[in-house]
1. Going through segment 96-111 one residue at a time, which ones are part of a loop (DSSP other than H, G, I, E, B) and open to solvent by 40 Å² or more (accessible area, probe 1.4 Å)?
2. Can you go through Tyr61, Tyr96, Tyr45 and tell me which one is hydroxyl-bearing (Ser, Thr, Tyr) and either touching a strand residue (DSSP E or B) at 6+ places or on another chain (Cβ under 6 Å) or closer than 30 Å to Ala24 by Cα (or both)?
3. Would you please name the residue that is most open to solvent (accessible area, probe 1.4 Å), looking only at residues in segment 24-54 that are at pLDDT 90 or above and at positive phi?
4. Within segment 131-152, how many residues turn out to be assigned to a helix (DSSP H, G or I), out of contact with any helix residue (DSSP H, G or I) (no Cβ under 9 Å at 6 or more places or on another chain), open to solvent by 30 Å² or more (accessible area, probe 1.4 Å) and not aliphatic (A, V, I, L, M)?
5. Assuming Ala71 fulfils every condition listed in (1) open to solvent by 30 Å² or more (accessible area, probe 1.4 Å); (2) among the hydrophobic types (A, V, I, L, M, F, W, C); (3) at pLDDT below 90; (4) on the phi < 0 side of the Ramachandran plot apart from one, which condition is it?
6. Identify, by number, the condition in (1) at pLDDT 90 or above; (2) under 16 Å from the mean Cα position of the chain (by Cα); (3) surrounded by fewer than 16 Cβ atoms within 10 Å (Cβ to Cβ) that Arg10 doesn't meet.
7. Any residue at all in segment 77-95 that is out of contact with any Gly (no Cβ under 9 Å at 6 or more places or on another chain), in a loop (DSSP other than H, G, I, E, B) and either free of Cβ contacts under 8 Å to residues at least 12 places away in the same chain or open to solvent by 20 Å² or more (accessible area, probe 1.4 Å) (or both)?
8. Taking into account only those residues within segment 112-130 that are open to solvent by less than 30 Å² (accessible area, probe 1.4 Å) and not β-branched (Val, Ile, Thr), which is nearest to Pro58 (Cα to Cα)?
Amino acid sequence: MRKNVDICQRGHAGDVNTVRNTGATNLVLVAGMDWGFNLSLIGTYQYHRLNIVYDTHPYPYVEKLPPNWDAAFGNISKIYPVMSAESGEYDCGTGYMSQLLSYFDAHHMGWLAWAWVAQGSPCGYPQLVQDYRGTPVPGMGQLVYTRLRGYV
């Protein structure tokens, strides 16, 4: 019987091996250090298994700004599959996400944005929608909506 185990691990090959030892062959996302952002140690602690994708979580904090992207995840994306399962900005703007999505595209990285939730002000939380019908919030929500539609 095939076992289905969903897991997002941060830095322990033993944890991934434990999942694999159950017989699970599903895709495993392995996030980096610093709340999932920094994948720079992957070359040292890489997992030699199938169905591993490395996951980064960029947000507009000082240590996660564009000058740090190559070292944190861009260089790794030249060797290993890397995606971002979480990213966003908190200011109702698009400056950070616009740069980030272009960077992802240039490095052939998959991405998801955060978060599909309608709560309070989108200027205080990186939310994509105004309501659960999927109406994009101005700024980041509209940017993500437009970018995703552009891939079709």
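The values are calculated or read from the model by the stated rules, or taken from the named source; none is laboratory data. Since we're looking at a predicted model, the values are computed, not measured. Note: ideal-geometry Cβ built from the backbone for every residue, glycine included; neighbour counts use all protein chains shown. SASA here: full protein model, heavy atoms, side chains in, ligands and nucleic acids out. Shrake-Rupley method; radii C 1.70, N 1.55, O 1.52, S 1.80 Å.
1. His107, His108 - these are the residues of segment 96-111 that are part of a loop (DSSP other than H, G, I, E, B) and open to solvent by 40 Å² or more (accessible area, probe 1.4 Å).
2. Within the list Tyr61, Tyr96, Tyr45, the selection yields Tyr45.
3. Within segment 24-54, the match that is most open to solvent (accessible area, probe 1.4 Å) is Trp35.
4. Here the count works out to 5.
5. Every listed condition holds for Ala71 apart from (3).
6. That leaves (1) as the condition not met.
7. no
8. Ala113
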